[in-house]
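Novice: Could you have a look at this structure, given as structure tokens, before my questions?
Just so you know, all these numbers are worked out from the coordinates, no wet-lab data involved. For clarity, every value in this text was computed on a predicted model and none was experimentally measured. Glycine gets a Cβ as well: all are built from the backbone with ideal geometry, and neighbour counts include every protein chain shown.
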Amino acid sequence: MQTKMVSLKFVLIQVGFIFNIVGIALTFSFPLLACTKSSSTQLPTMSSERPPQSRVALKNSSWRLERWERQGSAVALVPQTEVSLHFEDNQVNGFGGCNSFGGSFELVDNQLSLGILDATQKGCNPVVMNQEAQFLSALQSVFRIGSDASGRLVLFYALNADEGVLYFAPTK
């Protein structure tokens, strides 16, 4: 009888352990699922091949990231995470989803170059921090700006073999 009690206790401990493992796995899986590309959405081709439609006045303007394309496919943005840019004089600052950042920029014709961006060092959800790191790398690699027909700011970037487009809606 004592052997059966020990065996039952051992089985219950193992089952509890398995439930804990499954719970942890699900905790980390749901945020990652939110970052995966949906195959049900048909997207236009990447805009880096089209010239900007008009010049964009950056000074004293504020923008919110609305869409991100990488290699012609949409990047799924982390839900309920706002990414923003604000241009004032020759300075750019913004929020990457977790940390604030800032630096200088120079705009000549439609060629945009950003100086080194400094960012705060707050820690957040790893999924948000990963998106922020990728965003800041893309932002540092912007080489051209434009606007689309709906008035969005369009930033074209090239980072190693990774090319993409960042679309920002105006905020006011």
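Novice: Residues being acidic (Asp, Glu) and part of a strand (DSSP E or B): count how many of those fall in the stretch 82-104.
Specialist: Total meeting the criteria: 1.
Novice: Moving on to the next point. Six or more apart or on different chains, Cβ atoms under 8 Å: show the pairs whose first residue is in the stretch 99-118 and closer than 17 Å to Ser84 by Cα and whose second is among the hydroxyl-bearing types (Ser, Thr, Tyr) and assigned to a loop (DSSP other than H, G, I, E, B).
Specialist: Asn99/Thr120; Ser100/Thr120; Phe101/Thr120
Novice: Moving on. Looking only at the stretch 62-70, decide whether some residue is in a loop (DSSP other than H, G, I, E, B), within 22 Å of Thr171 (Cβ to Cβ) and of a type in the set (Ser, Thr, Tyr).
Specialist: So far as the stretch 62-70 goes, no, none of its residues is in a loop (DSSP other than H, G, I, E, B), within 22 Å of Thr171 (Cβ to Cβ) and of a type in the set (Ser, Thr, Tyr).
Novice: How about the stretch 109-135: which of its residues are within 16 Å of the chain's Cα centre (by Cα) and small (Gly, Ala, Ser)?
Specialist: Within the stretch 109-135, Ala119, Gly123, Ala133 meet the criteria.
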